[in-house]
Each structure stands twice: as C-alpha cells, then as structure tokens.
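Here is the structure we will look at.
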Amino acid sequence: MKLSHASNVTIRNAVISGGKEDCVDMNRNCSDILIEDCTIIPKGQYGFTIKGGTKNVVLRNLRFAAHGSVTDIDLGNWSDQSMERTTNITIENCTTFDGKPVRVRVLWADAPTVIGPAPVKVTVIPTILVKIYRFLRARRLVP
C-alpha cells in the first residue's frame, strides 16, 4: 500500500500483506494518518516505511504476523520526493504473533512515541551517520 502526499487517512480492520519491500509506504509529506486494528504481514524488508517529511501518524493495535528482514517499522529512510524530516509518529499497542518486540529503526526522523505494554525495540541511528549517508546518497555515491 503506497500513500504519497496523502492526508486525513484512516485505515482500519484490514489485513495488509507486503511485497518485496514493505506493506505500507508513506512518502512525500503525508500527514494525519491513522492505521489501527490491522494485521500486518511483511514479506520483504519492512512492515512500514514512513519517510519524506511524513508527520502525525498513529499506528494503533497492529499485529505483525512476521518481521521485516531489515526492521518492522522504518522511519525516515531516503526519499527522492522530500528531504524533510519525518516527525510525530506514535506506535500504540503494537504486537507480534511470535511475542518478540516490534523493531523500529529511526533514521531521518524523530524517535516515535511508544505507548502500551507490548515490547517495542527502537534503534535510533546517530544523526551524524544519517547525515553522511544522505550527503553521499544525494550525490549518487551510495545506493
């Protein structure tokens, strides 16, 4: 599912199965997105990619049936459409079928607000490393 420049979107009670990369890709300044009460089935690198200046996203009561090969929720990955930072992401009561933590990677984004008793592991990549990568990527020196 790809959301690009979308706003005021609610997705509820869905089963979202991924492809090679992700189940849900939000890019290009999406805002005010609520995804709740869904089953997420990653089959590739990520369950969610939220990037490109996207803001005000709530992921609530999600059940991950599998894990992404890289991470479950990726915040602030490279975007060709927007250099803005991803902000105001809330992860509320998200669980996995295997009981392991939902894994979140933070790149060009603010760390998410995590609510609920379910285990969530947030890994924040140091800003200096992200800036170096973005500098090289903008010049097409790295993939």
Pairs, first farther than 18 Å from residue 117 by Cα in the range 48-76, second among the acidic types (Asp, Glu) and buried (at least 24 other Cβ atoms within 10 Å of the Cβ), C-beta under 6 Å, six or more apart: 49/22; 49/74
Just name the residue that is farthest from residue 88 (Cα to Cα) out of those in the range 30-50 that are in contact with a Ser or Thr (Cβ under 7 Å, 6 or more places away or on another chain) and crowded, with 19+ Cβ neighbours inside 10 Å. 46
With the structure loaded, tell me whether residue 143 is assigned to a loop (DSSP other than H, G, I, E, B), without any contact (Cβ under 8 Å) to a residue 12 or more places away in the chain and over 12 Å from the mean Cα position of the chain (by Cα) or whether it fails that test. yes
Pairs, please: C-beta under 8 Å, at least 6 apart or cross-chain, first residue at positive phi and in the range 114-125, second assigned to a strand (DSSP E or B) and among the charged types (D, E, K, R)? 116/92
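Inside the range 101-118, can you point out the residues that are modelled with pLDDT of 95 or more and either in contact with a Leu (Cβ under 6 Å, 6 or more places away or on another chain) or assigned to a loop (DSSP other than H, G, I, E, B) (or both)? Full working, then the answer.
Just the residues of the range 101-118 that are modelled with pLDDT of 95 or more, to begin with: 101-115.
101, 106, 107, 108, 109, 110, 111, 112 - these are the residues of the range 101-118 that are modelled with pLDDT of 95 or more and either in contact with a Leu (Cβ under 6 Å, 6 or more places away or on another chain) or assigned to a loop (DSSP other than H, G, I, E, B) (or both).
Out of 58, 24, which single residue is surrounded by 16 or more Cβ atoms within 10 Å (Cβ to Cβ) and within 16 Å of residue 109 (Cα to Cα)? Explain how you work it out, then say what you get.
Numbers: 24 fails: within 16 Å of residue 109 (Cα to Cα).
Going through 58, 24 in turn, just one is surrounded by 16 or more Cβ atoms within 10 Å (Cβ to Cβ) and within 16 Å of residue 109 (Cα to Cα): 58.
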For residues that are under 15 Å from residue 75 (Cα atoms), surrounded by fewer than 15 Cβ atoms within 10 Å (Cβ to Cβ) and of a type in the set (Gly, Ala, Ser), tally how many sit in the range 85-138. 1
Members of the range 78-100 that are within 21 Å of residue 21 (Cβ to Cβ) and either touching a helix residue (DSSP H, G or I) at 6+ places or on another chain (Cβ under 9 Å) or not in a loop (DSSP other than H, G, I, E, B) (or both): 78, 83, 86, 89, 91, 96
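The values are calculated or read from the model by the stated rules, or taken from the named source; none is laboratory data. Nothing here was measured: the structure is a model prediction, and the numbers come from that model. Don't worry about glycine lacking a Cβ; one is built from the backbone with ideal geometry, like all the others, and counts go over all protein chains shown.
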